[in-house]
Amino acid sequence: MTFHIGLIGGGNITETHARAAGAIPGVEISAIHGTNAEKVARLCREHGGTPYQDFDAFLKHRPMDLVIIGSPSGLHATQGIAAARHGLHVLTEKPIDTSTARADALIEAAKQSKVRPHEAAHSPTQKLARSRTARQALIRLRPREVVSPSRVLRQFALARHSSARRRRRPHQSRRPHY
């Protein structure tokens, strides 16, 4: 079964998410939304999906299970709330928003819609594609299950966190030097 994602934004981080999604078996990019038509069209040509400049039309696109938000930080909560209200799980780039009030509103909207919000807070998601646990979680995911998407979002976070660990050379101490 395929897990369908939508990408929001047309910049470099969205391209990174698109490459990561393409490297994970069982994941397909369904749609990409952005304000720059040329960038969005190029992303769709390279990674698949339907291009959208109209945000409401993008949110109505089906099949789509999860949106990954890579737009400017001040838009994350607004776009995430709209996605949650359309029944889509939300993964935002860091920070969730520039305002704690809007971030709290996103979390509340997700609770009311019974979807899961998450913040991608560590290394780029292309490293996620190398994570066996994240790939396995996405492969096992079944759309419309309430528990599985949250497990996948946790796997995104765990995989990103573990891949962000810096490799130390043998001569480097594990303790910080003050």
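Rule-based calculations on the coordinates, nothing more; no lab input. As the structure is a computational prediction, the values presented were derived from the model and not from experiment. Please note: Cβ atoms are built from the backbone with ideal geometry, for glycine as well, and neighbour counts cover all protein chains shown.
Could you tell me the calculated FRET efficiency between Lys94 and Lys60, based on Cβ-Cβ distance and R0 = 41 angstrom, to the nearest 0.05?
0.90
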Please list, in chain and number order, the residues 5+ apart from Ala120 or on another chain whose amide H is under 5 Å from its amide H, with Hs placed from the backbone. Thr92, Glu93, Lys94
Each residue of region 90-97 in order: what ³J(HN,Hα) in whole Hz does its phi give by Karplus 6.51 cos²θ - 1.76 cosθ + 1.60, θ = phi - 60°, with x for Gly and Pro? 10, 10, 9, 5, 6, x, 4, 6
Nitroxide proxy distance, nm - points 7 Å out along Cα→Cβ at Gln53 and Glu38: 1.3
Spelling out what I want: for every residue of region 79-86, take phi, set θ = phi - 60°, compute 6.51 cos²θ - 1.76 cosθ + 1.60 (Karplus), and round to whole Hz; glycine and proline get x. 5, x, 4, 4, 5, 4, 5, 9
Using amide H atoms built in the peptide plane, which far-off residues or other-chain residues are under 5 Å from Val27 H to H? Phe3
J(HN,Hα) series, region 6-17, from Karplus relation 6.51 cos²θ - 1.76 cosθ + 1.60, nearest Hz, glycine and proline x: x, 10, 10, x, x, x, 5, 5, 5, 5, 4, 5
Amide H proximity to Gly10 below 5 Å, modelled H, separation 5+ or other chain, gives Thr35
Length gained if Thr2 through Arg85 is fully extended, taking 0.36 nm per residue and subtracting the Cα-Cα distance, is 27.6 nm
Which FRET efficiency, nearest 0.05, do Lys111 and Arg19 yield, Cβ-Cβ r, R0 25 Å? 0.20
